[in-house]
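Below: the structure, in structure tokens.
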Amino acid sequence: MAIILALENLLNNVTARFATEGTLIANTFGWKAPERQSKEINRIIWVPGDGSGSLGDIGGPRYPGGLPERPLAMLDELFTCWIIGADPQAIQDDLAQYHQTRLNYDAWVRAVYLAAHGTYKIKQQSWDITRKEGRFGAMIKVVGSVQAVIPDSPLTIAPVDTVADAVAGIGASTDPDQVITPDPPDDPSDD
């Protein structure tokens, strides 16, 4: 079973909602500089931690008994979202750039609220005003946190040299004792 952490889950749910609803804002994840993340005009870049690199605060467990494993602690995991918007039809119009970026922000807040109501907080938010002249678009920096359970379960990872045999095909058997031998390829000399 794959382990999905709270921040991954939040990103996946926001991205899925945008796709389902036709919201044309790209979501990317990672520590690369915003301009290297994607070439999309309207995008949201998710970065673990805050500007100082803090992971977040850890506290006592919440919601005991609600998970298969006993929760040991709750991490209020910090993340930063760079919400970028631009109106390519009005490159020199700051009001148009503001307008598109705010629409992207509103869509992001809605999607986060619907995905994680009651388990997230917006800690800080600000406009990026490092470039005031010759800019294309605008950017809002949001630092938030999401509640992440730290379970009482050992982490099991397959060794690096683990291999597996896979059988694919229509009508492949799910019986682990049945061995399926593929037909040999046609001999071209028979033609």
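The values are calculated or read from the model by the stated rules, or taken from the named source; none is laboratory data. All values reported here derive from a predicted model rather than from experimental measurement. We place every Cβ from the backbone using ideal geometry, glycine too, and count neighbours over all the protein chains shown.
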Exactly one condition in (1) of a type outside the set (Asp, Glu); (2) assigned to a loop (DSSP other than H, G, I, E, B); (3) surrounded by fewer than 11 Cβ atoms within 10 Å (Cβ to Cβ); (4) modelled with pLDDT under 65 is not met by Val160; state its number.
-> (4)
With a cut-off of at least 1 residues that are closer than 30 Å to Thr130 by Cβ, at pLDDT 90 or above and polar (S, T, N, Q), name the strands (runs of 3 or more DSSP E) lying wholly within the range 1-117.
-> 26-29, 71-85
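Any residue at all in the range 127-137 that's farther than 29 Å from Ala16 by Cα, at pLDDT below 75, among the hydroxyl-bearing types (Ser, Thr, Tyr) and out of contact with any helix residue (DSSP H, G or I) (no Cβ under 7 Å at 6 or more places or on another chain)?
Within the range 127-137, the first condition is being farther than 29 Å from Ala16 by Cα, and the residues that meet it are 129-135.
Still in the running and at pLDDT below 75: 131-135.
Filter once more, keeping what is among the hydroxyl-bearing types (Ser, Thr, Tyr): none.
No - not one qualifying residue is present in the range 127-137.
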